[in-house]
1. With θ set to phi - 60° and the Karplus curve 6.51 cos²θ - 1.76 cosθ + 1.60, what are the ³J(HN,Hα) couplings of region 81-92 in order, to the nearest whole Hz, using x for Gly and Pro?
2. As I understand it, the dipole of the chain uses +1 on the Cβ of Lys and Arg and -1 on the Cβ of Asp and Glu, about the Cα centre. Which of GLY27, ALA131, GLY43 lies farthest toward its positive end?
3. Which one of ASP155, ASP232, ASP132 has the biggest mean-square fluctuation once the chain is modelled by GNM with Cα springs under 10 Å?
4. Sequence-distant or interchain residues sharing an amide H contact under 5 Å with THR2, placed H: which?
5. Under 21 Å between alpha carbons, and skipping anything fewer than 8 positions from LYS125 in its own chain: which lysines qualify?
6. Can you list residues whose amide H is under 5 Å from SER134's amide H, if they're 5+ apart or on another chain and H is modeled 1.01 Å from N?
7. Which value in nm describes the separation of the simple spin-label points at ARG154 and ARG221, placed 7 Å from the Cα toward the beta carbon?
8. Among ASN230, ASN17, ASN157, whose mean-square fluctuation peaks in a Gaussian network model of the chain (Cα, cutoff 10 Å)?
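Each value in this text was obtained by applying a stated rule to the coordinates, not by laboratory testing. Values in this document were obtained by computation on a predicted structure and should not be read as measured data. With ideal geometry, Cβ positions are generated from the backbone for all residues, glycine too; neighbour counts draw on all protein chains shown.
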Amino acid sequence: MTLSYSRICSPGGRQYNQDSTSGRAEGGKACFVVCDGLGAYIGSSIASSICAQSLCDMFIERGEPTEKSIAELTHDVHMLILDEKSANGRIEGACTTFAGLFTDGTRTIIAHIGDSRVYRFRGDKVRFCTADHSVAQMDVERGALTRRDLRYHRDQNKLTRVLGGKRYFPPDVREVDEPLIPGDSFLLCTDGFWEYVGEEEMEKALLAGGSCESILGEMERLLLSVAPANHDNYTAVLVRILGEDGK
């Protein structure tokens, strides 16, 4: 398996950055994670950092690209966050979202909690996107709101599932139902990114081609052209599967 990737993690228009990201490709396995610590709770940047780094490290060191393994690793990370909170009473409310991609080139798993997303592209077109764990997503599911309008909903950032809270919520875990082929792409991003970069803009940037860095840079340029001055932290990872010739 040959892949290329690029990452951005920015405070946006805020003083502090509570987003985190991590990525590793070693020993025939690869893992990429983005996390968004909940801004209303002190120490959520710590929760997001623990999640991003630990989830990638655990997968590379002992995980497998199976639904069972990823669910178990996520629970282990939840417990690490609780241990940190227990040792530091000031961050007892800290919690985070996450979105992750886990693969060995043969099997590929997508997992998430909260409203950080994973998009899967083939032929530079969106083939799949995770469904947010939010009050707004519940309105989408009952037909009261279109997915296109979800980013404008007043309850878009009211989450129904997070990692590191008092109660453990398992992630949504999904195995990609077809082998990866050259040209396939995955975009992992926090809500501060997808709120301002729509699926059509993502597809246009991919279709224009170039390196992962340049494609992600174009998406970031689009974000900054429409986001207000005080916009949220934003994080994204773009992963592309390459052919044997590296293209």
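1. Using θ = phi - 60°, the values come out as 5, 4, 4, 5, 5, 5, 7, 9, x, 5, 10, 4 Hz.
2. GLY43
3. Fluctuation is largest for ASP155.
4. LEU242
5. LYS204, LYS247
6. Amide H to amide H, under 5 Å and 5 or more residues apart or across chains, SER134 pairs with THR160.
7. 3.8
8. Residue with maximal mean-square fluctuation among ASN230, ASN17, ASN157: ASN230.
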